[in-house]
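For reference, the structure is listed below as structure tokens.
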Amino acid sequence: MEELLDTYTRDGEYLGVKTREECHADKPGFYHKPAWTWAYNSKGQILVQKRSMNKKRFPGYWDMPCAGHVDAGETSKNGAIREAKEEIGINVSEDEMQFVFEYIEDDAWEIGQVFFFKCDKEIDEMTLQEEEVEEVKWVNFEEFKNLLYSDKWVPMDKEYKDLVVEKFKEIFSK
């Protein structure tokens, strides 16, 4: 069955449900909300994933550890929790999953819901969704910035990358 997604105006006004295919049409005229989720640990490291070579878009590129569509009727936070479980096998509670900011990506017609969670699991404690994720690794903040701004990272707006870096700076300075 085709994935169903809630749709919105650019200002976040709810419009109704459409299929994933309709949401990913060229210039659909409405937005949908993916959950973009980042993990960090007590050592000041950030988890990154290498996308599976089976992915249609950007196979083999580095990316945030968990990302995916929020299903119709699902909250953004619950979508982020579900994606963390599906993609890297981590159970995250509602209290642990922290909404950080919203980012509108007009070219993709998406209102990204950005979440962070703290995770002190080792890589061998994670179960990767093979069709989505080839590899995950913990990187320190400097390595993360170098990778994020490199051509090995999934293309993203510089403005979005800068916001993510700022949020990690805030977390790691506490």
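For the chain, take the longest principal axis of its alpha carbons; what is the angle in degrees between that and the long axis of helix 76-88, to the nearest 10 within 0 to 90?
Roughly 50 degrees between the two axes.
Output ³J(HN,Hα) for the stretch 60-66: one whole-Hz value per residue in order, computed from phi by the Karplus curve 6.51 cos²θ - 1.76 cosθ + 1.60 with θ = phi - 60°, and x for Gly and Pro.
Listing the rounded values in order: x, 8, 7, 7, 4, x, 9 Hz.
Take the alpha carbon atoms of the stretch 45-80, find their center, do the same for the stretch 131-168, and report the distance between the two centers in whole angstrom.
Each part's Cα centre sits 13 Å from the other's.
Whole Å is fine, so just give me how far the alpha carbon centre of the stretch 17-35 lies from that of the stretch 93-126.
20 Å
For the chain, what is the mean residue ellipticity at 222 nm derived from helices alone (per DSSP H run of n ≥ 4: -39500 (n - 2.57); sum divided by total residues; nearest 500 deg cm²/dmol)?
On the way: 4 runs with 40 residues, N = 174.
-6500 deg cm²/dmol, from helical runs alone.
For the chain, list log₁₀ I(q)/I(0) at each q in 0.13, 0.15 Å⁻¹, using the Debye formula over Cα point scatterers of equal strength and ignoring solvent, two decimals each.
Debye intensities relative to I(0), on a log10 scale: -0.63, -0.86.
Starting from the Cα-Cα distance between Glu170 and Lys43, subtract it from 0.36 nm times their residue separation and give me the gain in nm to one decimal.
Extending this stretch completely gives an extra 44.3 nm.
Express in nm, to one decimal, how much length is gained between Asp151 and Leu15 on full extension, taking 0.36 nm for each residue of separation and deducting their alpha carbon distance.
45.4 nm
Can you compute the FRET efficiency between Lys85 and Tyr160 using 1/(1 + (r/R0)^6), with r the Cβ-Cβ distance and R0 = 22 Å? Round to the nearest 0.05. Write down the numbers at each step before the final one.
On the way: r = 24 Å, r/R0 = 1.11.
According to the calculation, E is roughly 0.35.
Highest mean first, what order results for 80-87, 40-47, 121-128 on Cβ atoms within 10 Å?
Per-residue mean Cβ counts within 10 Å order the peptides as 80-87, 40-47, 121-128.
Over the chain, what is the relative contact order in whole percent, taking alpha-carbon pairs under 8 Å and six or more residues apart?
Values: 329 pairs, mean separation 42.8, N = 174.
Taking the mean separation of contacting Cα pairs over the length of the chain, I get 25 percent.
Count charges around Asp157 for me, please; just the other residues with Cβ under 12 Å from its Cβ, Lys/Arg as +1, Asp/Glu as -1. Walk me through the intermediate numbers first.
Working: positive: Lys158, Lys161; negative: Glu105, Asp106, Asp107, Glu110, Glu159, Asp162.
Around Asp157, the charge tally is -4.
Classify the stretch 58-132: rounded, prolate or oblate, from the alpha-carbon gyration tensor (a ≥ b ≥ c, eigenvalue square roots; a/c under 1.5 rounded; otherwise prolate if a/b is larger than b/c)? Let's see the in-between values first.
Values: a/c = 1.77, a/b = 1.25, b/c = 1.41.
Because a/c hits 1.5 or more and a/b fails to exceed b/c, the stretch 58-132 counts as oblate.
No value in this document is a laboratory result; all are computed from the given coordinates. Since this is a predicted model, take the numbers as computed values, not measurements. As a convention, Cβ positions derive from the backbone with ideal geometry for all residues, glycine included, and neighbour counts pool all protein chains shown.
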